[in-house]
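One structure, as structure tokens, below. Some questions next.
The values are calculated or read from the model by the stated rules, or taken from the named source; none is laboratory data. Nothing here was measured: the structure is a model prediction, and the numbers come from that model. Neighbour counts are summed over all protein chains in view; Cβ atoms, including those assigned to glycine, are modelled from backbone coordinates with ideal geometry.
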Amino acid sequence: MKIVSLFSGAGGLDLGLIKAGHEIIWANDFDADSCETYKYNIGDHIVCSDISKIKLDEIPDCDVVVGGFPCQGFSMANMLRTADDERNKLYKQFYRIIKNKKPDYFIAENVRGILSLDNGNAIKKIVTDFSDAGYRVKYKPFNTADFGVPQIRVRVIIAGTRKDLPEEMDFQFPEPTHEKSKWVSISKALKGIPEPEDPKSKLKNHIYSKYKITIKNFTGHRKTDPDKPSPTILARGNGKGGVVAIQHPANHRRMSVRESALIQTFPINFEFIGSMGSMYRQVGNAVPVLFGQHLGKKLKQLEAELV
């Protein structure tokens, strides 16, 4: 399918969809470093601009629109989250493009906090908006560890099928591939990765935050269990602006950008561009590539029906 990608970031979701056999014909993000990373690794079809300033006729027609509209305002970690947070309104740009381009399907990704925002009224409003735009809408939280991603990462997928398509052609959510006893551990995912200081290491982006290790019952500071999937890879900081990288499974340092990207199932040769903090944020904001591929496979099953 031909796909338009919004709020693309470094391209985790897009790369997964490409691996599933689809074509990203146009992409957009506002962050310059993310756009450079995307161009270097995926393609120069990404437009680096404020989506609200892009006219509809600048965006090509497509089969599917995808995107993880910015989620900081929805995050459960944002103690000041409110329904009128300006960042929450960026989904309306997603809505504007869906309503006017009328793709067969759309897939939006967000954090779990979107379900409880404003006592559940935010998700109801979003569903109503997308329904009014002409779509049958469904949403569901997913733990990416259930799909072979070596990380506990719960995200909500909101999917829509255009109402004039028969119901048997509705987008179906993927089924888990890994029961809890078969989850991929962080140690398995990072097996064979040398220490960043190893002079023999040729890995790109294998640099890490020197932020001290403190074992506390607080996000980003908990001891990492080497036999379980990684805690959620973060895109946010400690309140002082810096991203708090998850602790390495040996708990002797923070994970490097490269290691964090491997936990997000980016290929080992996928190179991030920007400062270390920017690279950590790009990784933390991404949809795990493998989970994106699972979503893409479900679209692929529908593709033959549309021909």
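Yes or no, residue by residue, for (1) without any contact (Cβ under 8 Å) to a residue 12 or more places away in the chain; (2) not aliphatic (A, V, I, L, M); (3) not in a loop (DSSP other than H, G, I, E, B):
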site: THR224; (1), (2), (3): no, yes, no
site: ALA250; (1), (2), (3): no, no, no
site: VAL287; (1), (2), (3): no, no, no
site: LEU295; (1), (2), (3): no, no, yes
site: LEU302; (1), (2), (3): no, no, yes
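Please work out which residue is farthest from LEU56 (Cα to Cα), limiting yourself to segment 103-136 and to residues that are more than 18 Å from the chain's Cα centre (by Cα), of a type in the set (A, V, I, L, M, F, W, C) and crowded, with 21+ Cβ neighbours inside 10 Å.
Per the criteria, the residue is LEU117.
Looking at segment 151-179, which of its residues are over 23 Å from ARG112 (Cβ atoms), in a loop (DSSP other than H, G, I, E, B), among the acidic types (Asp, Glu) and in contact with a helix residue (DSSP H, G or I) (Cβ under 9 Å, 6 or more places away or on another chain)?
ASP170, the sole residue that qualifies.
Matching residues to (1) within 22 Å of the chain's Cα centre (by Cα); (2) among the aliphatic types (A, V, I, L, M); (3) at pLDDT below 95:
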site	(1), (2), (3)
PHE147	yes, no, no
ILE152	yes, yes, no
ILE157	yes, yes, no
THR177	yes, no, no
LYS182	no, no, no
SER185	yes, no, no
GLY192	no, no, no
LYS210	no, no, yes
SER230	yes, no, no
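When only residues in segment 180-222 that are hydroxyl-bearing (Ser, Thr, Tyr) and outside any loop (DSSP other than H, G, I, E, B) count, which is farthest from GLY274 (Cα to Cα)? Before the answer, list the steps.
Step one: of segment 180-222, the residues hydroxyl-bearing (Ser, Thr, Tyr) are 181, 185, 187, 201, 208-209, 211, 214, 219.
If we keep only those that are outside any loop (DSSP other than H, G, I, E, B) too, we end up with 181, 187, 208.
Working: SER181: 38, SER187: 27, TYR208: 14 Å.
Out of the qualifying residues, it is SER181.
Against the definition (surrounded by 14 or more Cβ atoms within 10 Å (Cβ to Cβ) and touching a strand residue (DSSP E or B) at 6+ places or on another chain (Cβ under 6 Å)), how does HIS178 come out, yes or no? Talk me through it step by step, then tell me what you get.
Numbers: surrounded by 14 or more Cβ atoms within 10 Å (Cβ to Cβ): yes; touching a strand residue (DSSP E or B) at 6+ places or on another chain (Cβ under 6 Å): no.
Answer is no for this residue.
Let me ask something else. Considering only residues that are under 23 Å from ASN285 (Cβ atoms) and free of Cβ contacts under 8 Å to residues at least 40 places away in the same chain, look in segment 137-159 and name the one that is surrounded by the fewest Cβ atoms within 10 Å (Cβ to Cβ).
At the first step, the residues of segment 137-159 found to be under 23 Å from ASN285 (Cβ atoms) are 139-159.
So of that shortlist, the ones also free of Cβ contacts under 8 Å to residues at least 40 places away in the same chain come out as 139-141, 143, 146.
Working: TYR139: 18, LYS140: 11, PRO141: 13, ASN143: 19, ASP146: 21.
So the residue we want is LYS140.
Is it the case that GLY134 is of a type outside the set (S, T, N, Q) and at positive phi? Show your work before the answer.
Working: of a type outside the set (S, T, N, Q): yes; at positive phi: yes.
Spelling it out, GLY134 is indeed of a type outside the set (S, T, N, Q) and at positive phi.
Out of THR219, THR265, I need the residue that is at pLDDT below 95 and either aliphatic (A, V, I, L, M) or closer than 22 Å to THR144 by Cβ (or both). Which one?
So the residue among THR219, THR265 that is at pLDDT below 95 and either aliphatic (A, V, I, L, M) or closer than 22 Å to THR144 by Cβ (or both) is THR219.
Just checking, does segment 168-175 include any residue being within 27 Å of PHE270 (Cα to Cα) and in contact with a His (Cβ under 7 Å, 6 or more places away or on another chain)? Give the steps one after another, and end with the answer.
In the first step, residues of segment 168-175 are kept if they are within 27 Å of PHE270 (Cα to Cα); the result is 174.
Then drop every residue that is not in contact with a His (Cβ under 7 Å, 6 or more places away or on another chain), which leaves 174.
Among the residues of segment 168-175, at least one is within 27 Å of PHE270 (Cα to Cα) and in contact with a His (Cβ under 7 Å, 6 or more places away or on another chain), which makes the answer yes.
For segment 51-81, how many residues are among the polar types (S, T, N, Q) and modelled with pLDDT of 60 or more? Give the derivation first.
Taking segment 51-81 and keeping what is among the polar types (S, T, N, Q), we get 52, 72, 75, 78.
Going one step further and asking which of them are modelled with pLDDT of 60 or more, we end up with 52.
Counting residues in segment 51-81 that are among the polar types (S, T, N, Q) and modelled with pLDDT of 60 or more gives 1.
Scan (1) touching a strand residue (DSSP E or B) at 6+ places or on another chain (Cβ under 9 Å); (2) surrounded by 23 or more Cβ atoms within 10 Å (Cβ to Cβ) for the single condition GLN282 breaks and write down its number.
(1)
Can you list residue pairs whose Cβ atoms sit under 8 Å apart, with the first residue in segment 182-202 being more than 13 Å from MET255 (Cα to Cα) and the second being at pLDDT 95 or above and of a type in the set (Lys, Arg)? Count only pairs 6 or more apart in sequence or on different chains.
That search, which allows pairs on different chains as well, returns TRP183/LYS228; SER185/LYS228.
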